[in-house]
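Every number here is computed from the coordinates shown, using simple stated rules; none is lab data. Just so we're clear, the structure is a prediction, and the values are computed from it rather than from any experiment. Here the Cβ is made from the backbone with ideal geometry for all residues, glycine too, and neighbour counts use every protein chain on show.
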Amino acid sequence: MAATMTGLLAAAPAAAETLVMDTAVLRGLDKVTGRVRTIEAPVGERVRFGSLELLVQACRQRPPEEPPESAAFVYAWEHPPDRPAHEVFVGWMFASSPALHAMEHPVYDVWVLSCDDPGSAPD
């Protein structure tokens with residue numbers, strides 16, 4: 001899996017052109033209930049949304065002087081009741097083009113809104 005992840009990370013914008021952030025701001029839609037939730041997902045920490053478990057491995061954002069773009073590398077697993085967990089998504093999600101590499105799931109939609117660095121103080 002490390003070789004695959006390395007190859008996928010290489011597909012993201014070059015690190016020199018982006019800011020590496022430590023939190024992804026995701027939006028989740030439960031298609032059954034119609035509820036929408038904003039999810040703050042710290043890089044490297046697992047978060048839950050319904051029966052999904054999400055893990056953001058990287059979140060990058062263009063500098064303010066560039067056209068806006070945020071991208072997050074996300075793993076998603078579904079934990080259905082009485083069955084083992086299974087992977088439903090792995091890859092980069094782009095805020096400016098949510099349909100470019102969308103998570104396809106019958107109950108949930110998840111997409112990236114932005115990247116954030118909550119530890120940084122405003123100027």
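Extension gain for K31-S96 works out to 21.2 nm (0.36 nm per residue, less the C-alpha to C-alpha distance). Label sites at V107 and Q57, each approximated as a point 7 angstrom past Cα along Cα to Cβ, lie 2.5 nm apart.
Taking amide hydrogens as placed 1.01 Å from N in the peptide plane, the amide H of F89 sits under 5 Å from those of A76, each at least 5 positions away in sequence or on another chain.
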